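Here the structure comes first, spelled out in structure tokens, and everything after it is commentary.
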Amino acid sequence: MPAETRVDQLRLSLERLRWVRGERAERFVAVNIAGFRVLFVVDDDIVWTARAMVGTPFRRTPIFRGNLHYLEINPSWTLPPIVIKEDVLPAIKRDAGYLRARNMTLIDQDGRAVDPERVDWSAYSEGIPYTIRQEPGPHNALGRIKFVFPNEHFVFMHDTPSQGLFDRPQRAFSSGCIRVENPFDLAELVLNDPLRWNRQTLAAIRDQGHTRRIATPERIPVLILYLTASIEPDGRPRFLEDVYERDARLLEALNGPVRIDLPAW
């Protein structure tokens, strides 16, 4: 790889970090999409990091900032419309028992459960007049815990039953949300109250099987970033694949003419 290419990757990461340099707080979560990593930062020190899975190139995880409001143990999952349209609806047409086999409930507009095997699925091709909810449990797509930072993208962080996928070097598997390895470690750090919310307490709530929402003691910033170059703790640079092919467009802008738009006054 030419040295110039590596220099450009460093320039791009510096530019992207410049956009959020004022967004940092004493404690915050950062996700690097291109690095498939999630980090917890306290006083500018990375105190915890883990592998992550992000959206596929066709359902990309967006870049944005949110504030963590609460976490939920043993969550249910309400399937988003795009997942129903592109994944679930074709599967139901092939197998009427698809929902039941995955512990999913079909709910009508009045909130009543409907038998999916009595629905004429051939009448639908785009959307359906139902909500589909996967009930809590070890096989729930969100795993046993999720972290909610309300945003217009409906993106959050969560556990996953597909733990084996964390061993893959390239981890763009999700529908846009961020799957986190060892999420209960992150929960303990976020709640920041080892006497009340330690690993044993959280595990006991998980094992009860009931859904439990726990508010964070503060609004912790969550920064979703896209950096194709970073620096390891020992000072070595690390260069990453441009999985969403975002670098070329930004590099073109950086190498283009300087433009200053002054205020109208």
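The values are calculated or read from the model by the stated rules, or taken from the named source; none is laboratory data. Just so it is clear, the structure is predicted and the values come from calculations on it, not from any experiment. Using ideal geometry, Cβ is built from the backbone for each residue, glycine included, and neighbour counts are taken over all protein chains shown.
A few notes on this one:
- Just so you know, in the stretch 70-82 the residues that are aliphatic (A, V, I, L, M) and within 27 Å of Thr216 (Cβ to Cβ) include one that is surrounded by the most Cβ atoms within 10 Å (Cβ to Cβ), and it is Leu71.
- Filter pass, Ala141 being in contact with a strand residue (DSSP E or B) (Cβ under 6 Å, 6 or more places away or on another chain), in a loop (DSSP other than H, G, I, E, B) and among the hydrophobic types (A, V, I, L, M, F, W, C): yes
- Residue within the stretch 150-157 that is surrounded by 12 or more Cβ atoms within 10 Å (Cβ to Cβ), within 29 Å of Pro217 (Cβ to Cβ) and touching a Ser or Thr at 6+ places or on another chain (Cβ under 7 Å) present: yes
Residue-wise test of (1) among the hydrophobic types (A, V, I, L, M, F, W, C); (2) in contact with an Asp or Glu (Cβ under 9 Å, 6 or more places away or on another chain); (3) part of a strand (DSSP E or B).
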site	(1), (2), (3)
Arg11	no, no, no
Arg18	no, no, no
Glu23	no, no, no
Leu39	yes, no, yes
Pro57	no, yes, no
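- Criterion: outside the structural domain of Pro221 (by TED's automatic domain parsing), surrounded by fewer than 18 Cβ atoms within 10 Å (Cβ to Cβ) and in contact (Cβ under 8 Å) with a residue 40 or more places away in the chain - qualifying residue of Glu117, Glu126: Glu126
- The stretch 246-265, residues that are surrounded by 12 or more Cβ atoms within 10 Å (Cβ to Cβ) and in a loop (DSSP other than H, G, I, E, B): Arg246
- Test: residue in the stretch 217-233 that is more than 30 Å from Gln9 (Cβ to Cβ), out of contact with any helix residue (DSSP H, G or I) (no Cβ under 8 Å at 6 or more places or on another chain) and not acidic (Asp, Glu): yes
- Restricting attention to the stretch 59-94, the residues that are part of a strand (DSSP E or B), of a type in the set (Ser, Thr, Tyr) and closer than 21 Å to Phe173 by Cβ add up to 1.
- Failed condition for Val243, given (1) over 25 Å from Cys177 (Cβ atoms); (2) in a loop (DSSP other than H, G, I, E, B): (1)
- Single residue of Val222, Val243 found to be buried (at least 17 other Cβ atoms within 10 Å of the Cβ), of a type outside the set (Phe, Trp, Tyr) and more than 24 Å from Ala25 (Cβ to Cβ): Val243
- Per-region count, the stretch 34-69, residues surrounded by 15 or more Cβ atoms within 10 Å (Cβ to Cβ) and more than 29 Å from Pro217 (Cβ to Cβ): 5
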